[in-house]
1. Looking at the range 74-82, is at least one residue within 30 Å of the chain's Cα centre (by Cα), within 22 Å of Leu13 (Cβ to Cβ) and away from the ligand (no atom under 15 Å from the Cβ)?
2. Scan (1) touching a Phe, Trp or Tyr at 6+ places or on another chain (Cβ under 9 Å); (2) in a loop (DSSP other than H, G, I, E, B); (3) of a type in the set (A, V, I, L, M, F, W, C); (4) assigned by TED's automatic domain parsing to the domain that holds Lys455 for the single condition Ala429 breaks and write down its number.
3. Would you be able to tell me the number of residues in the range 243-290 that are more than 16 Å from the ligand (Cβ to nearest atom), assigned to a loop (DSSP other than H, G, I, E, B) and hydrophobic (A, V, I, L, M, F, W, C)?
4. In the range 300-310, is there at least one residue being in a helix (DSSP H, G or I), β-branched (Val, Ile, Thr) and touching a residue at least 60 places away in the same chain (Cβ under 8 Å)?
5. Going through the range 101-117 one residue at a time, which ones are under 31 Å from the mean Cα position of the chain (by Cα), within 23 Å of Met387 (Cβ to Cβ) and not charged (D, E, K, R)?
6. Out of (1) in a helix (DSSP H, G or I); (2) in contact with a Gly (Cβ under 7 Å, 6 or more places away or on another chain), the odd one out for Glu208 is which?
7. State whether one or more residues within the range 213-220 are farther than 29 Å from Phe485 by Cα, touching a residue at least 24 places away in the same chain (Cβ under 8 Å) and more than 34 Å from the chain's Cα centre (by Cα).
8. From the set of residues in the range 180-201 that are assigned to a loop (DSSP other than H, G, I, E, B) and within 15 Å of the ligand (Cβ to nearest atom), which is nearest to His129 (Cα to Cα)?
Amino acid sequence: MKNLWSETTAAKLSGIDLLVYRSRLIGKEANLVLWGGGNTSMKLTETDHLGRKVRVLRVKGSGSDLKFSQAKDFSPLRLEELLAVEQREVMSDEEMVDYLNACLLNPKSPRPSIETLMHAFIPYDHVDHSHADAILALTNTKNNQKIFAQVFAQDMVWVPYIKPGFPLAKAVAQAVRKNSRARGAILEKHGIFTWGKTARESYETMIEMVTRAEQFVSATPALKPFGNTHTTECCQQNYLKIAPILRGLVSPQKRFILTLADTPPILEFANSEIGPEISRRGPVTPDHLLRTKCSALFVQNDLTRDLQNYQDHYTAYFNKHANPETKLQDSFPRVVLIPEVGLISIGKNLTAAKIVRDIYQHTISVYRDAMTIDDYTSLTEAEIFEMEYWPLELFKLTLAPPDPEMAGRIALITGAGSGIGRATAFRLAQEGAHLVIGDVDEASVSQVGQEIQKKFGPDVCIAIRMDVTSPESVAQAFAQAVLHFGGLDLLVSNAGIAVSHPVDQISLEEWEQSFAVNTRGHFLCAKEALAIFKQQGIGGNIVFVATKNVMAPGKDFAAYSASKAAEAQLAKVLAIENGPLGIRVNIVNPDAVFGDSKLWSETVRRERAQAHGIPPEQLEDFYRKRNLLHAQVTPMDVAETILFLASDRSAKTTGCTITVDGGVKEAFPR
Ligand code: ZN
C-alpha cells in the first residue's frame, strides 16, 4: 500500500488540521475504509466554554466520511471523563452513548463514534482505525492466530472478536498494556488500530502493517480459489432482461433502486462453483452488516424460487435470534449474484445501491485472499445477528428524515429539455424520484440534466437524446432506465410539436410530422413502458401531457388538435386495458403554457396571434384574459398536477383528464 504522507504538506499543519490531513489520506484509500467506515482521533489541549484548558479527545463523529473530513466532523470529548470509566466492570451500549454525549465539550458536535472509548483508552496521542481488506483477509481465516504471529510477531497485539462497545474498548486497552512495545492492534474479524506519538507515526504504521498483510497474501502461490471461470460478454443484455423482474419481486411495497457491477473479478466470483457457499459464510467486518445484510442471494436456478428460499432462511434466522421486541427489517437481500450477469446491488436510492456494490466488491476481494492463504471464516450467526439488529444502529435509522413522496420511484420524461418537461423533471427530482430525461434537442436536455444533478445529487438523473418518433431511439431510452436504475415506475409522455395553418395550407409533411410526434411518439413510449411494468408486476403509471385543444380545438390548429385528440384516445384505451394490472394512465390538459416552452416558437406565436386576430405581443395576455381565473399558466403549474397524478395521492384515479388552463369553459372535460 502506497504511503501518501507528504512532510512538506504536514509541516505546515498543526493540531486538528493535522488530524484532518491524516484522516483524508486514510479515507482516500478504498482498500482501507469505505463509505464512512473507520475512524481516527487525536488527544490535545483545548479551551472550554469557561476559558479553562482541558485535555480533549477529538474523534470522528458518526455520519461523516474520512475521505471528506473537516475539522467540525471531529467531536471534542473531555479525556479525563472518558478515562474515568476504564476501571468499570460493565457498561451497557445505551449507558455508554449517554455517557459519551455527556463528555462532549461542545454539545452541538456530531454524535461521537461508537468506537470512541477505544481511542480514549489507547495511551497515545494519535490513533487510527480501519477495516483494511488485507487485514480482514488474514483475520477472517480458520488459522488466523498462526498467520497473525507469522506476519506481525510482537509488533501488534491480537484482540479476539468482541462486538464494538465498552467491552471491546477494555479488551484493547488491556492488550496494549500487556505489550508496551506494540505499535497497534489487530481485531479479529473486524480490522486494525494503529497509534503513535505523532500523526505521521500512526499513519505510517497503518500503511506498514497493511502492506505486510498484502505481501503475505501475494507471497502465497495463487490458487485461483474461484477456479478458471470464464467471463462473459453479454452481462448487460442479461441484466436488462432480469433486472425489472428482480426489482418487482423486491419492491412489493417500498420501491428499490438496482445497479449492476460486472467487472472481471466480480464475474469470476459470480460464475464460480464455490461462490454460493462462501457468500453465505457472512460479512468481512461487522460494520458492513447494515448495508449488505448477513448474506447475499446467489441465484442458481430460478430467480423467484431462489429469492423465496432466501427470504425463508432470513426469516428463520431472524426468528431464531430475535427478542420479542425486535422488529423484522424486510427480508429482501441487498446483494444479488447471478452467473453471466454479475453483482446486482439494491438500495433505497442509487447512492445507497452503489455503496452496497462497493462494499461487496471489497468483500469478494477479501473472500478471494482469505481462500488463497487459508479458509474464509466470519462471525458466528449469533454474532452476526447481534450486529445486524444492534439497537444502537437501528435507532440511528429512526433519526433519518422521512422519505420524500417519490423516493425509490423511477420516471422517464420525454421532451424534458424545456417547458413542462423540464419543470416536471425538477419537481419529481425534488420529491426524490430517479429520472431518465430525454429530448430530441440533446444540448438542452443535457443542460437540464446537469442542473438537476447539481441541485439534487449526481445519482438522481441521466439525460439522453431521444427521438420519440423512432422506435430504436425510444427502446434505447427505456433500456437506459433499466440499466441505470433497474426498472421504471412512471412515464411522463410529454414531447409534442405544434404547427398552425388553415387546413388547406397544411402540407402533408407537416400533418404527418404532427402525428409522428404527438401520436406515434406516445404510442411507442407507452408500449415500452408497459413492457417494463409487466415484467415488474407492481403496477405502473403513465401521465400523458395533452392540451385544452383536445376538448376545444381552435381555428388553424387542425394538425395539432387532431394528433393530440388521438393521443388522448390512446391514453383512455391504455387506462381501460391496463387497469387490471394496477397501471394507471391519466391525461393533463394544459393551455397557453409559455414559460421556456419550445412549442411556442416565433412562428407558432405569430400564426396563433393571426388566428385570433391580435398582434403577437398581445398573445400571452389574450390567453390569460380568456380563462375564468385570468391566470397565466406556468410550466410549474402543470408539473404540480403531473406530480399529483404520478404520486399515490391519486392512487384511485385512472383514465382521467385534469385541466391546467386557468378555466376554459369550452374545454371542460365531459
Ligand atoms: Zn471498526
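1. First pass over the range 74-82, keeping only residues within 30 Å of the chain's Cα centre (by Cα): 74-75.
Add one more test, that the residue is within 22 Å of Leu13 (Cβ to Cβ), and what stays is 74-75.
Narrowing the set further to residues that are away from the ligand (no atom under 15 Å from the Cβ) leaves 74-75.
Yes, because at least one residue in the range 74-82 is within 30 Å of the chain's Cα centre (by Cα), within 22 Å of Leu13 (Cβ to Cβ) and away from the ligand (no atom under 15 Å from the Cβ).
2. (2)
3. So the count comes out to 2.
4. To start, the set of residues in the range 300-310 that are in a helix (DSSP H, G or I) comprises 303-310.
From what's left, β-branched (Val, Ile, Thr): 304.
Restricting the remaining residues to those that are touching a residue at least 60 places away in the same chain (Cβ under 8 Å) gives none.
Among the residues of the range 300-310, not one is in a helix (DSSP H, G or I), β-branched (Val, Ile, Thr) and touching a residue at least 60 places away in the same chain (Cβ under 8 Å), which makes the answer no.
5. Looking only at the range 101-117, we keep the residues that are under 31 Å from the mean Cα position of the chain (by Cα), and these are 101, 107-116.
Applying the additional criterion that residues be within 23 Å of Met387 (Cβ to Cβ) yields 101, 110-116.
Across the range 101-117, the qualifying residues are Asn101, Pro110, Pro112, Ser113, Ile114, Thr116.
6. (2)
7. First pass over the range 213-220, keeping only residues farther than 29 Å from Phe485 by Cα: 213-220.
Now drop any that are not touching a residue at least 24 places away in the same chain (Cβ under 8 Å), which leaves 213-214, 216-217, 220.
Restricting the remaining residues to those that are more than 34 Å from the chain's Cα centre (by Cα) gives 216, 220.
Checking the range 213-220: at least one residue is farther than 29 Å from Phe485 by Cα, touching a residue at least 24 places away in the same chain (Cβ under 8 Å) and more than 34 Å from the chain's Cα centre (by Cα).
8. Step one: list which residues in the range 180-201 are assigned to a loop (DSSP other than H, G, I, E, B), which gives 180-183, 188-190, 197-198.
Right, trim to within 15 Å of the ligand (Cβ to nearest atom) and you get 188-190.
Numbers: Glu188: 13, Lys189: 14, His190: 10 Å.
Residue satisfying both the conditions and the ranking: His190.
The values are calculated or read from the model by the stated rules, or taken from the named source; none is laboratory data. Bear in mind that the values here come from a model prediction, so they are computed numbers and not experimental data. Quick reminder, even Gly has a Cβ in these numbers, built from the backbone with ideal geometry, and neighbours come from all protein chains shown.
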